[in-house]
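The structure under discussion appears below in the form of structure tokens.
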Amino acid sequence: MTDADNKVEINLLSSYVPAKLFWVVRDFKEDLIDESGERRISENEYFETKLSEFAKSTSRTKKMIREAILNYFTDRELITVARPFENKADLENAIGSPLS
């Protein structure tokens, strides 16, 4: 099967399986600032920027992952969840019992 055949197959499959990708990132600490450092960006802008960076990678695996995400999930959303506490002791104090 050629690359062109694969793309046709992916496009056909994605039209039958409409799905939205929710990528949830836990303990997210990065500031959402554009490359110039002047403008705040949305979580989705950050996600799309990271996906475009995969295209520049020399890793064939990263490029394949990027292509799969772009082709299978035309509707994508990044959801970030900040870490509520920096250390385990603070979390244990907040919930009132030790974590084991």
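Please treat every number below as a calculation from the coordinates, not as lab data. Fair warning: this is a prediction, and the values are worked out from it, not measured in the lab. Positions of Cβ are generated from backbone atoms using ideal geometry, with glycine treated the same way; all protein chains shown enter the neighbour counts.
What is the set of long-range amide H partners of Phe28 at a cut-off below 5 Å, with H atoms built 1.01 Å from backbone N?
Val81, Ala82, Arg83
Taking θ = phi - 60°, what integer Hz values does the Karplus form 6.51 cos²θ - 1.76 cosθ + 1.60 yield along the range 76-82, in sequence order, with x for Gly and Pro?
Karplus-based 3J(HN,Hα) across the range 76-82 equals 10, 8, 9, 10, 10, 10, 6 Hz.
Along the range 50-59, what does the Karplus equation 6.51 cos²θ - 1.76 cosθ + 1.60 (θ = phi - 60°) give for ³J(HN,Hα), rounded to whole Hz, x for Gly and Pro?
So the Karplus estimates, Gly and Pro as x, are 5, 4, 5, 5, 4, 5, 7, 5, 8, 7 Hz.
Starting from the range 44-100, pick out the GluC sites (Glu not before Pro) whose DSSP state is loop and whose Cβ has at most 13 other Cβ atoms within 10 Å.
Glu86
Which of Lys20/Lys63; Lys20/Lys88; Lys20/Lys50 have a Cα-Cα distance over 26 Å? Let's see the in-between values first.
On the way: Lys20/Lys63 20 Å; Lys20/Lys88 34 Å; Lys20/Lys50 18 Å.
Among Lys20/Lys63; Lys20/Lys88; Lys20/Lys50, the Cα-Cα distance tops 26 Å for Lys20/Lys88.
Provide the gained length on full extension for the span Ser42 to Arg26, in nm with one decimal, where the gain is 0.36 nm per separating residue minus the Cα-Cα distance.
Answer, rounded to one decimal: 4.1 nm.
Convert each backbone phi in the range 22-31 into a coupling constant with the Karplus relation 6.51 cos²θ - 1.76 cosθ + 1.60 (shift: θ = phi - 60°), then list the ³J(HN,Hα) values in order as whole Hz, x for Gly and Pro.
With the stated coefficients, the range 22-31 comes to 9, 9, 9, 10, 8, 6, 6, 10, 6, 6 Hz.
Label 7 Å along Cα→Cβ of Lys50; the range 59-96 residues with amide nitrogen under 13 Å?
66, 77-82
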